[in-house]
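The values are calculated or read from the model by the stated rules, or taken from the named source; none is laboratory data. This one's a predicted model, so the numbers in the text were calculated from it and none came from an experiment. Every residue, glycine as well, gets a Cβ built from its backbone with ideal geometry; the counts of neighbours run over all protein chains shown.
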């Protein structure tokens with residue numbers, strides 16, 4: 001198969017790549033260097049089967065998005081609304097089933113003596129770093145569909161969904177483009193009838209925006225290393241549901257709830273009310289939650305059943321469901337941003353801010369910054385090599401609000417390794433002192449199953465509408481696709497190492513129950529259930545799991 005030559009190739013279509021391409025497309029006069037006399041040749045490959053399958057309901061201040069799209073009208077984007085009301089809520093444990101420190105136990109008992117409505121308290125003050133007042137509630141899937149539709153209509157770029165990128169092409173220390181995934185193979189990757197090797201797409205610059213667990217981003221980290229003092233240590237799994245509310249739910253569009261304290265102290269939650277009686281409700285399960293029984297779906301159901309939330313969710317209906325991993329090391333998890341032939345943008349570039357609880361706007365802005373740098377160099381007739389691209393890109397990124405707020409948040413989460421209350425104090429210290437002070441602690445080992453006192457949670461009262469089994473959520477909350485002709489994207493290198501693993505965290509954290517305990521030591525993988533969240537990757541403590549590029553996953557534009 002012959003190679004394809006382009007000026008720019010993008011890996012992944014998320015908010016960062018959308019920002020990059022939106023900015024670049026506004027320069028239609030830029031001339032191609034691989035096809036002189038023609039417009040710039042730009043192509044983007046996305047793993048999912050459509051560009052609208054981003055898994056996240058979100059609230060954002062939208063500073064970068066609005067700067068790029070000053071005429072943005074939320075009426076043109078379904079499930080979008082301005083933030084009109086915002087609350088920070090502590091959720092007490094209504095049944096005393098969770099793990100509570102003495103301090104939290106005292107707080108819960110105090111609320112009981114006050115007969116607090118909904119076993120909760122709405123705090124009278126929201127820290128400035130957490131506020132989203134004046135921002136937007138959106139569906140990431142709908143926003144990407146909006147942005148992608150405009151891009152494809154412009155004709156300035158080509159976006160190819162359903163085309164996973166297997167790897168970057170690295171020659172003599174330079175990234176020369178990407179290789180697409182082989183098709184027409186069996187689950188082990190062996191050629192079958194209709195075999196078609198992945199095409200090589202060669203480019204002057206490869207823009208990598210493939211998210212927190214993208215195969216190409218991780219390949220570059222392994223090949224080129226990390227800047228001194230940087231590492232990817234903190235993760236989280238975000239899981240949420242899109243719910244059709246009953247008519248008298250009491251939730252007005254633009255209502256934002258930030259919660260903490262339940263179902264476990266370490267788990268933060270959210271609820272965003274959207275137009276047309278829709279709400280997104282979800283939780284974040286962080287890597288510093290030291291529990292070997294941390295199935296996110298079960299925790300999400302208990303979260304929704306908390307009296308404070310259930311009074312609004314009761315009688316609702318599941319419309320969509322999804323999960324994704326998040327990189328939570330922030331700036332300390334920032335890899336090499338620009339090298340020979342490549343640049344990193346978005347969440348995989350360390351842009352997520354764990355203090356403000358924001359990532360989409362930051363990711364979009366990093367894409368805009370790279371596009372401005374690329375445009376500057378192309379207009380000046382300069383090469384897109386590291387010597388020219390790195391200073392042009394980093395000058396914009398280091399001088400922006402993304403960098404300023406990332407530095408404030410750099411140590412904000414370290415206190416959680418000391419406990420939940422020290423973690424909250426550490427966040428407050430970092431936020432109110434502009435990052436000058438905080439609390440820190442070293443990560444603790446995961447307790448073995450026999451060492452862990454698991455809470456005795458009550459049974460979930462399934463109603464067949466909103467409270468449904470894990471497997472029913474896969475059927476009702478979207479469409480899980482695993483097209484034939486591709487190799488399994490999850491595999492285990494050493495089955496004996498799996499047999500020696502007692503906790504099997506990869507199985508416990510699997511969002512779609514695609515991993516189960518296998519008879520031969522290694523977990524069994526059913527890709528018909530895999531939603532590509534990547535939680536198995538960072539929950540494999542022996543680093544024995546291989547997570548490759550793959551097609552399919554959970555598909556719902558309402559995500």
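Of all residues in the range 95-111, those being touching a helix residue (DSSP H, G or I) at 6+ places or on another chain (Cβ under 8 Å) and surrounded by fewer than 18 Cβ atoms within 10 Å (Cβ to Cβ) number 3.
Here are some residues: 77, 65, 51. Which one is touching a helix residue (DSSP H, G or I) at 6+ places or on another chain (Cβ under 8 Å), surrounded by 16 or more Cβ atoms within 10 Å (Cβ to Cβ) and outside the structural domain of residue 359 (by TED's automatic domain parsing)? Give the derivation first.
On the way: 65 fails: outside the structural domain of residue 359 (by TED's automatic domain parsing); 51 fails: outside the structural domain of residue 359 (by TED's automatic domain parsing).
None of the other options fit; the residue is 77.
Out of 43, 11, 34, report the one residue that is assigned by TED's automatic domain parsing to the domain that holds residue 375, surrounded by fewer than 24 Cβ atoms within 10 Å (Cβ to Cβ), closer than 27 Å to residue 350 by Cα and touching a strand residue (DSSP E or B) at 6+ places or on another chain (Cβ under 9 Å). Working first, answer last.
Details: 11 fails: surrounded by fewer than 24 Cβ atoms within 10 Å (Cβ to Cβ); 34 fails: closer than 27 Å to residue 350 by Cα.
Being assigned by TED's automatic domain parsing to the domain that holds residue 375, surrounded by fewer than 24 Cβ atoms within 10 Å (Cβ to Cβ), closer than 27 Å to residue 350 by Cα and touching a strand residue (DSSP E or B) at 6+ places or on another chain (Cβ under 9 Å) holds for just one of 43, 11, 34, which is 43.
For the range 154-174, filtering for residues that are over 21 Å from residue 489 (Cβ atoms) and under 25 Å from the mean Cα position of the chain (by Cα) leaves 3.
Can you say whether residue 319 is in a helix (DSSP H, G or I), in contact with a helix residue (DSSP H, G or I) (Cβ under 9 Å, 6 or more places away or on another chain) and under 22 Å from residue 250 (Cα atoms), as far as the supplied structure shows? When the stated conditions are applied, residue 319 does not pass them. Do you know which of the residues in the range 481-491 that are surrounded by fewer than 20 Cβ atoms within 10 Å (Cβ to Cβ) and assigned to a strand (DSSP E or B) is modelled with the highest pLDDT? Taking the candidates together, the pick is 491. Within the range 464-497, the residues that satisfy the criterion of being at positive phi and in contact (Cβ under 8 Å) with a residue 60 or more places away in the chain are 478, 485. When 397, 407, 436 are checked against the criterion of being assigned to a loop (DSSP other than H, G, I, E, B), more than 30 Å from residue 293 (Cβ to Cβ) and at pLDDT 90 or above, a single residue qualifies: 436. Within the option set 455, 461, 383, being assigned by TED's automatic domain parsing to the domain that holds residue 164, in a loop (DSSP other than H, G, I, E, B) and on the phi < 0 side of the Ramachandran plot holds for one residue only, 383.
Exactly one of (1) under 19 Å from residue 187 (Cα atoms); (2) modelled with pLDDT of 85 or more; (3) surrounded by fewer than 20 Cβ atoms within 10 Å (Cβ to Cβ) is unmet by residue 501. Its number? Of (1) under 19 Å from residue 187 (Cα atoms); (2) modelled with pLDDT of 85 or more; (3) surrounded by fewer than 20 Cβ atoms within 10 Å (Cβ to Cβ), only one is false for residue 501: (1).
When you go through 473, 497 one by one, which is the residue that is assigned to a helix (DSSP H, G or I) and over 24 Å from the mean Cα position of the chain (by Cα)?
Values: 473 fails: over 24 Å from the mean Cα position of the chain (by Cα).
On inspection, the qualifying residue turns out to be 497.
Residue 263 fulfils the conditions (1) assigned by TED's automatic domain parsing to the domain that holds residue 308; (2) over 19 Å from residue 89 (Cα atoms); (3) outside any strand (DSSP E or B) except for a single criterion, (2).
Determine whether residue 415 is part of a helix (DSSP H, G or I), outside the structural domain of residue 101 (by TED's automatic domain parsing), more than 22 Å from the chain's Cα centre (by Cα) and over 24 Å from residue 505 (Cβ atoms).
Details: part of a helix (DSSP H, G or I): yes; outside the structural domain of residue 101 (by TED's automatic domain parsing): yes; more than 22 Å from the chain's Cα centre (by Cα): yes; over 24 Å from residue 505 (Cβ atoms): no.
No: the conditions fail for residue 415.
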